[in-house]
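The block underneath contains the structure these notes are about, expressed in structure tokens.
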Amino acid sequence: MAGCGTGDLPLADRLLAWYDRSHRHLPWRVSPGDRRAGIVPDPYRVWLSEIMLQQTTVASVKSYYETFLRRWPDIGALAAAHVDDVMKAWAGLGYYSRARNLKKCAETVAGRHAGIFPDTVARLKELPGIGDYTAAAIAAIAHDRPVAVVDGNVERVVARLAAIATPLPAAKPAIRAFVEEVLSRDRPGDFAQATMDLGATICTPRRPACILCPLAPDCKALAAGTQEAFPVKPDKADKPQRRGAAFVAVRADGAVLLRQRRAEGLLGGMSEVPGSAWNARIDGSTGLESAPFAADWKKCGAITHTFTHFRLTLSVYRAEIPEKEAPPGHWWSMPAELAGEALPTVMKKAIEAAIEGATKKQQQG
DNA sequence: CAGGCGTGGTA
DNA sequence: TTACCAAGCCT
């Protein structure tokens with residue numbers, strides 16, 4: 001390593017030196033410079049960002065994080081919020097059980113912990129929505145505890161460093177043991193963020209920038225030229241196709257009829273337009289038999305949407321409804337309110353298809 | 001442990 | 001267009 005300058009330093013020190021000059025600037029992050037100046041992260045912000053970032057990209061999270069922080073600046077504010085307002089604010093971000101657990105967790109911390117987040121992994125894991133990763137992340141980043149923080153980035157980094165051939169998730173214990181062995185005891189929070197930044201910007205899933213990697217001298221996969229072969233993951237089953245019908249009832253004043261989904265399961269607790277179940281084979285039928293009530297339903301198109309474990313094709317119907325009371329469990333949402341409803345993306349697509357379809361017909365006619 | 005659970009971006 | 005992926009959790 002003579003001539004490499006820092007090649008003789010421990011792995012953690014080389015990683016932290018890289019992080020000090022190459023870290024990402026993120027709204028929820030305390031930069032290494034600020035941390036050295038004594039600025040302490042707000043556990044509420046760390047927690048909020050970590051929940052949002054579960055299986056979700058930084059780019060998607062940023063605007064939601066800013067909105068939530070402005071509207072609910074601390075744990076007390078979020079604990080006092082109405083869960084329906086939280087669901088509305090979360091709409092579009094996905095994995096909606098996170099939003100319900102976020103609210104439950106805020107209530108627990110505000111009520112039973114006097115508004116103070118626990119600082120141990122074990123206590124943090126008792127809270128709803130906080131698992132192995134998030135508990136470790138909060139302990140390390142918010143409380144500077146020397147714990148192993150292992151997310152998808154770190155799994156990839158370590159699997160390559162140590163050329164771990166065991167497929168995930170069986171390889172997780174070995175990966176965790178590696179991190180516990182090398183993590184910084186002086187700067188645990190920065191070390192955790194540094195490993196994740198390295199995975200996100202250098203040690204990427206495809207075409208990693210090994211030439212820029214501060215850990216290249218340590219990397220067994222790089223030495224063998226097999227970086228992209230790690231981590232080893234099982235094959236994923238292909239997604240089945242489901243079909244269904246969605247009914248967009250539009251009143252003369254433009255209001256759209258909505259209802260709420262059950263709290264559990266897919267899109268739990270979110271709002272939707274009335275529709276059929278999503279496993280029905282309506283190939284031979286019109287789909288109209290599942291309409292919420294009799295009306296002059298006109299098919300105005302179909303939308304497709306891909307969920308985690310199936311593809312959905314929705315036939316979209318629209319009807320102009322004269323002044324009519326909403327059926328039990330339903331409500332009319334005025335145009336000005338519609339954008340603020342707790343509508344998942346698939347429902348926004350369906351409503352859009354109905355409105356657009358009608359607009360086109362008007363223009364043509 | 002395996003499978004349910006969203007969405008948008010990228011190659 | 002298909003396939004994979006992104007700071008996972010819960011049952």
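Just one of (1) away from DNA strand C (no atom under 13 Å from the Cβ); (2) assigned to a loop (DSSP other than H, G, I, E, B) fails for A:Ala17. It is (2).
On the basis of being within 16 Å of DNA strand B (Cβ to nearest atom), touching a residue at least 60 places away in the same chain (Cβ under 8 Å) and open to solvent by 20 Å² or more (accessible area, probe 1.4 Å), does A:Leu338 make the cut? So A:Leu338 fits the description; yes. With respect to A:Val149, is the statement that it is of a type outside the set (Phe, Trp, Tyr), outside any helix (DSSP H, G or I), in contact (Cβ under 8 Å) with a residue 12 or more places away in the chain and under 23 Å from A:Pro43 (Cβ atoms) true? Answer is yes for this residue. Hey, any hits in segment A:263-282 for a residue that's in a strand (DSSP E or B) and more than 20 Å from the chain's Cα centre (by Cα)? Yes, there is a match, as at least one residue in segment A:263-282 is in a strand (DSSP E or B) and more than 20 Å from the chain's Cα centre (by Cα). Evaluated against (1) of a type outside the set (Phe, Trp, Tyr); (2) more than 14 Å from the chain's Cα centre (by Cα); (3) more than 10 Å from DNA strand C (Cβ to nearest atom); (4) open to solvent by 20 Å² or more (accessible area, probe 1.4 Å), A:Pro41 falls short on exactly one condition, (4). Has segment A:118-132 got any residue that is at pLDDT below 95 and either within 16 Å of DNA strand B (Cβ to nearest atom) or basic (Lys, Arg) (or both)? No: segment A:118-132 contains no residue that is at pLDDT below 95 and either within 16 Å of DNA strand B (Cβ to nearest atom) or basic (Lys, Arg) (or both). Quick one: count up the residues across segment A:152-170 that are surrounded by fewer than 21 Cβ atoms within 10 Å (Cβ to Cβ) and either in contact (Cβ under 8 Å) with a residue 60 or more places away in the chain or part of a helix (DSSP H, G or I) (or both). Result for segment A:152-170: 7.
For segment A:9-38: of the residues being of a type in the set (A, V, I, L, M) and within 26 Å of A:Pro73 (Cβ to Cβ), which is most open to solvent (accessible area, probe 1.4 Å)? In this case the residue turns out to be A:Ala37. Residues that are more than 16 Å from DNA strand C (Cβ to nearest atom), buried (at least 18 other Cβ atoms within 10 Å of the Cβ) and of a type in the set (Val, Ile, Thr) within segment A:58-85 comprise just one, A:Ile75.
If I ask for residues that are farther than 22 Å from A:Thr204 by Cβ, more than 14 Å from DNA strand C (Cβ to nearest atom) and not charged (D, E, K, R), which ones from segment A:119-172 would you list? If the condition is that a residue be farther than 22 Å from A:Thr204 by Cβ, more than 14 Å from DNA strand C (Cβ to nearest atom) and not charged (D, E, K, R), then A:Thr120, A:His143, A:Pro146, A:Ala170 are the ones that fit.
The selection criterion, being surrounded by 15 or more Cβ atoms within 10 Å (Cβ to Cβ), over 23 Å from A:Thr57 (Cβ atoms) and under 26 Å from the mean Cα position of the chain (by Cα), does not hold for A:Pro214.
Beta carbons closer than 8 Å, at least 6 apart along the sequence or on distinct chains, pair a first residue in segment A:303-314 that is over 17 Å from A:Gly275 (Cα atoms) and open to solvent by 20 Å² or more (accessible area, probe 1.4 Å) with a second that is more than 8 Å from DNA strand B (Cβ to nearest atom) and at pLDDT 95 or above for A:Thr306/A:Leu312. Are any of the residues in segment A:241-252 open to solvent by 50 Å² or more (accessible area, probe 1.4 Å) and away from DNA strand B (no atom under 16 Å from the Cβ)? Checked segment A:241-252: at least one residue is open to solvent by 50 Å² or more (accessible area, probe 1.4 Å) and away from DNA strand B (no atom under 16 Å from the Cβ).
As a summary of the residue check, A:Met196 satisfies the conditions (1) in contact with a Lys or Arg (Cβ under 6 Å, 6 or more places away or on another chain); (2) within 10 Å of DNA strand C (Cβ to nearest atom); (3) at pLDDT 95 or above except for the one numbered (1). Taking segment A:224-248 as the range and being in a helix (DSSP H, G or I) and in contact (Cβ under 8 Å) with a residue 12 or more places away in the chain as the test, the residues that pass are A:Ala224, A:Gln227, A:Glu228. Can you spot a residue in segment A:211-228 that is assigned by TED's automatic domain parsing to the domain that holds A:Met334 and within 16 Å of DNA strand C (Cβ to nearest atom)? Taking every residue of segment A:211-228 in turn, none turns out to be assigned by TED's automatic domain parsing to the domain that holds A:Met334 and within 16 Å of DNA strand C (Cβ to nearest atom). The condition of being at pLDDT 95 or above, surrounded by fewer than 19 Cβ atoms within 10 Å (Cβ to Cβ) and not small (Gly, Ala, Ser) does not hold for A:Glu50.
The values are calculated or read from the model by the stated rules, or taken from the named source; none is laboratory data. All figures in this text were calculated on a predicted structure; none of them were measured in a lab. Cβ sites come from the backbone with ideal geometry, for glycine too, and all protein chains shown count toward neighbours. Ligands, DNA and RNA are excluded from the accessible area calculation, which covers all protein heavy atoms including side chains. Shrake-Rupley method; radii C 1.70, N 1.55, O 1.52, S 1.80 Å.
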